[in-house]
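Okay, structure first, notes after.
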Amino acid sequence: MDEFGGLLIVDKDSGSTSHDVVASCRKLLHTKKIGHAGTLDPMATGVLVLGVGRATKLLGLLTLTGKSYTATIRLGRATSTDDAEGEVLSTVSARHLADPEIAAQVEKLTGDIAQVPATVSAIKVDGQRAYARHRAGEDVRLAARPVTVSRFEVLARRDVPESEFVDLDVAVECSSGTYVRALARDLGAALEVGGHLTVLRRTVVGPFTLDHARTLEEVATACDRDEPPLSLNIDAAVRTAFAHRDIDAAQADDLRNGRWLEPIGRTGVYAAIDPDGRAIALLQEKGKRASSVMVVRPANL
């Protein structure tokens, strides 16, 4: 494996935590230097971004604000966790709901909205995760937060056989911090039948998609065959995740030795790429300097 590492985009399976995935990858890649950017609920599947080796330093700099999901919402039952793993709070027939009625409430949950996060979210309350307080039996109450749901679309409706439930297959595109399970809860509440999430699959995180992803089984197979296990080496990762600036060899030497460059009038964090196409540093401009926020290839490496 490249000494500089890179990103491993995992297609997480259901039932495992994000920490479980990191632990498995540490064993497969024989390194402890692996971290993840964001988490996925154990029930959820799909895109989980891992940093390996020196690329772990990229994780806090990645812009992963846009996320996309496919999900299934079950109308007719509310649960304590807003998903299928929680305690049943109420069960009401949803068969009477007409498609236009559902569509009208979906529209109200689209756009810039105030959302109360799921009780079992990872948000900290007085220093403790909300889900930990909930599991300890506390009555957790979280404040509403502004989020953006740019797409909330019903793809299909299925009346569940031998039950009073209605399942909605939906597509959601949203800002970071949006809880799809809270959308399921709020849609069910607005329709006065209750709702919860039964399936959740994350398809996009920032610039990373399922096309970049591989399952843990595929990672294990690559390792067994001595093939590159990473989805993107550090240079490809930087080019995918950041705008970039081409620099010459002298400028690369300056950055590698901790010096700064002249600014070019660019906002945000961007990459400096040398004539060989290698990522040298991530820069941010302040005043008359374009200074490194991370040196990818310092002179001592």
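Coordinate-derived values only; no laboratory data. Just so you know, these numbers come straight off a predicted model, no measurement behind them. FYI the Cβ positions are ideal-geometry reconstructions off the backbone, even for glycines, and counts take in every protein chain you see.
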note = With DSSP loop assignment and no more than 11 other C-beta atoms within 10 Å, the GluC sites (Glu not before Pro) in region 169-228 are 192
inquiry  = Between residue 259 and residue 91, what is 0.36 nm times their sequence separation minus the Cα-Cα distance? Round to one decimal in nm.
reply    = 54.1 nm
inquiry  = With the alpha-carbon atoms as the only input, what is the per residue convex hull volume for region 1-130 in Å³?
reply    = 153
query = What ranking do 297, 145 get, fewest neighbouring Cβ atoms within 10 angstrom at the top?
reply = 145, 297
request  = Compute the distribution of all C-alpha to C-alpha distances in region 242-295, in bins of 10 Å from 0, and list the percent of pairs in each, rounded to whole numbers.
outcome  = 29, 63, 8
task = Using DSSP to define loop residues, name the GluC sites (Glu not before Pro) in region 25-112 whose beta-carbon has at most 16 other beta-carbon atoms within 10 Å.
result = 85, 87
inquiry  = Ignoring trypsin sites (Lys or Arg not before Pro) that are buried or in helix or strand per DSSP, and keeping those with at most 10 other beta carbon atoms within 10 Å, what is the longest stretch of the chain between them?
reply    = 33-140
query = Extent of region 155-289 along each principal axis, from alpha carbon coordinates, in Å, largest to smallest?
reply = 72, 46, 20
inquiry  = Strictly over 21 Å apart at the Cα level, which of 12/33; 12/67; 32/57; 27/67; 33/67 would you flag in this model?
reply    = 27/67; 33/67
